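Have a look at the structure below, then the notes.
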Amino acid sequence: MKKKVQSHNLAMFYDWATLRIERGAKEKNHLLYKPYSNAIIAKEPTSLEEEIKEIRRSGSNRDLDSASEFEMSDIFYFARRGVESIMDDEVTKRFSAEELESWNLLTRSNYNFHYISLRLTVLWGLGVLIRYGFLLPLRVTLAFTGVGLLVFLTSIIGLLPNGRMKNFLSEKVHLMCYRICVRALTAIITYHDRENKPKNGGICVANHTSPIDVIILASDGCYAMVGQIHGGLMGVIQRSMVKACPHIWFERSEVKDRHLVAKRLSDHVEDKSKLPILIFPEGTCINNTSVMMFKKGSFEIGSTVYPVAIKYDPRFGDAFWNSSKFGMVNYLLRMMSSWAIVCSVWYLPPMCREEGEDAVQFANRVKAAIARQGGLVDLLWDGGLKRGKVKDTFKEEQQKLYSKISCMETDWLRDPLGHH
Amino acid sequence: MKISPAHIIRLYDRFEFLDKEGSGQLRLEDFAEVKELAMNPIGDRIIGAFFSPGQETVDFPSFVRILAHFRPTDKNRAKDSTQPEPVNSRTSKLKFAFQLYDQDRDGKISRAELLQVLREMLGMQVTEEQLESIADRAIQEADLDRDDAISFEEFRKSLEKVNIEHKMSIRFLR
């Protein structure tokens, strides 16, 4: 309750700060650059087929439905779509931090810096002092405490013989340490629908915005983590965690072997005494405005899936980790010097793969449920697009769609099996 | 709807975003980074439209000038033959589309050029013979002076009823 009041007050403060900037700009008679949270241009959601038919219809008197033929005007559709994507494309937008309507006194989210009045600058300076001088050291200390305790206590528990006592202690230790880490980030988390919390033998699936997702979920329940063993501090933490309870860590070489990965995961879920597995099927961090394509691996295993939607409130501190722009340490420092991290977690009712549904369809169904609950846009795009090239299959899809409406007789179309 | 300075700023941000090297000019590779464009069958052609012949880079004014072709047409503009044709008029839009076909800029869409476009738009989905038939029919319909090529006037005539103003326009939000 107290937390709600805190965040409400902060929000009102930000709106006031934005108003001051707008006033400053107006006084100087300059045009304010207003960040649009979503798009620059209006895109019509019509399909390729609809649009091309519409263009043709306006251009000729012929009865269109009987003749699917190429028209010179067809190029307009592709030209416009092409130029639209040059001006504003859906994919790249998702990989850069979300733009805010109001300024939250962090320079990293401000674009109108030079319109700030003296009063606002003083306030901002005060904010910097508080954040870096007081909050940051406090949080860093907490973080070190949390991590240190985790490593230390799990190693001790690892010495105990396997049994109920060990599991009980391990649970308590994990929860406690994660809660300390949550405090270290000053994360204000609201959990919804806790009755749907993942149970043993299931797989918990969530959308991925930053490494903090793990801490947020793990402070409310115990999960078996899945991931690659890293070197350095991360590796130390991973190795000691696995002493206390069975997490699934892979060597770098094993990660490429999909069958090995699938086998270890299914072995784990079959053992009902083991904790539910936590997986992020997008495979990479997305900026929390949308959910990208889920990799199907986790959905092939055949156990119950517990979807979880995580939505961060970007006004208080942008939690998105742009790993191509910032390293992990840099990222954590930014997180710890923000005001707070406010987020909501929804536990969705469990889902199972239905008869006649393949892994990909199941994955999409889960993805749609998560997107709907979290208020995120459900995209078909692959998170792998962040770094890689667009596969030619997408272009082929477009060509296929177009060929259906531009080639007169269907038996002209190439039979994919080559029987023609 | 007029383009406001705020729109230009927005376009400049987009330009800066695309300009990965920060050189103040866009190169072919910068355009190729746009994922949705890679999925467009005539993506490369559209990129080419931004570069003048012989140029390897595009600066911001040229960038905006090309994008301006897609501004909605001002229907209330008085037809004044002393003024230069605005870049978003129906004729200019038609010229833009014509040049997408006519890559060698000789003022005519030859059969080979048409075939090339069809090949790009249809890819592996049809055979070469079918492409040739489609090209034949298209030229037959539009080519009025029987020179086996489509000139700009023939192009314009064949599209005289098409609602180009709407289909070749992009609207800014607010």
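The values are calculated or read from the model by the stated rules, or taken from the named source; none is laboratory data. Computed from a predicted model, the values in this text were never measured in an experiment. Here the Cβ is made from the backbone with ideal geometry for all residues, glycine too, and neighbour counts use every protein chain on show.
What to note about this one:
- Yes/no for B:Lys167 being within 20 Å of A:Glu69 (Cβ to Cβ), under 17 Å from the mean Cα position of the chain (by Cα) and of a type in the set (Lys, Arg): yes
- Some residue of the stretch A:155-163 being among the hydroxyl-bearing types (Ser, Thr, Tyr) and at pLDDT below 70: no
- Count of residues meeting criterion [under 13 Å from B:Ser110 (Cβ atoms) and charged (D, E, K, R)] in the stretch B:137-174: 4
- Single residue of A:Leu169, A:Leu142, A:Leu160 found to be over 25 Å from A:Ala309 (Cα atoms) and not in a helix (DSSP H, G or I): A:Leu160
- Those residues of the stretch B:108-124 which are more than 9 Å from every other protein chain (Cβ to nearest Cβ) and not in a strand (DSSP E or B), in sequence order: B:Arg111, B:Ala112, B:Glu113, B:Leu115, B:Gln116, B:Arg119
- Within the stretch A:195-213, the set of residues being part of a helix (DSSP H, G or I) and either of a type in the set (Asp, Glu) or modelled with pLDDT of 85 or more (or both) comprises A:Glu195, A:Asp213.
- Which numbered condition B:Ser62 misses (of (1) within 10 Å of another protein chain (Cβ to nearest Cβ); (2) closer than 23 Å to A:Arg81 by Cβ; (3) not charged (D, E, K, R)): (1)
- Flag for B:Val87 being hydrophobic (A, V, I, L, M, F, W, C) and modelled with pLDDT under 90: yes
- Failed item in (1) in a helix (DSSP H, G or I); (2) more than 12 Å from chain A (Cβ to nearest Cβ); (3) closer than 30 Å to B:Asp13 by Cα, with B:Glu153 passing the rest: (3)
- Any hit, the stretch A:175-184, residues being over 31 Å from the mean Cα position of the chain (by Cα) and more than 15 Å from A:Ala340 (Cβ to Cβ): no
- Of all residues in the stretch A:243-267, those satisfying the criterion of being in contact with a Leu (Cβ under 9 Å, 6 or more places away or on another chain) and either in a helix (DSSP H, G or I) or more than 25 Å from A:Ile156 (Cβ to Cβ) (or both) are A:Lys243, A:Ala244, A:Phe250, A:Glu254.
- The stretch B:9-23 - residue that is among the aliphatic types (A, V, I, L, M) and more than 11 Å from B:Phe172 (Cα to Cα) and, of those, modelled with the lowest pLDDT: B:Ile9
- Of all residues in the stretch B:125-150, those being under 22 Å from the mean Cα position of the chain (by Cα), farther than 24 Å from B:Phe70 by Cβ and not in a helix (DSSP H, G or I) number 2.
- Test: residue in the stretch A:60-71 that is on the phi < 0 side of the Ramachandran plot, facing chain B (nearest Cβ under 7 Å) and modelled with pLDDT of 75 or more: yes
- Every residue from the stretch B:81-103 that is more than 8 Å from chain A (Cβ to nearest Cβ) and closer than 15 Å to B:Asp44 by Cα: B:Gln99, B:Asp102, B:Gln103
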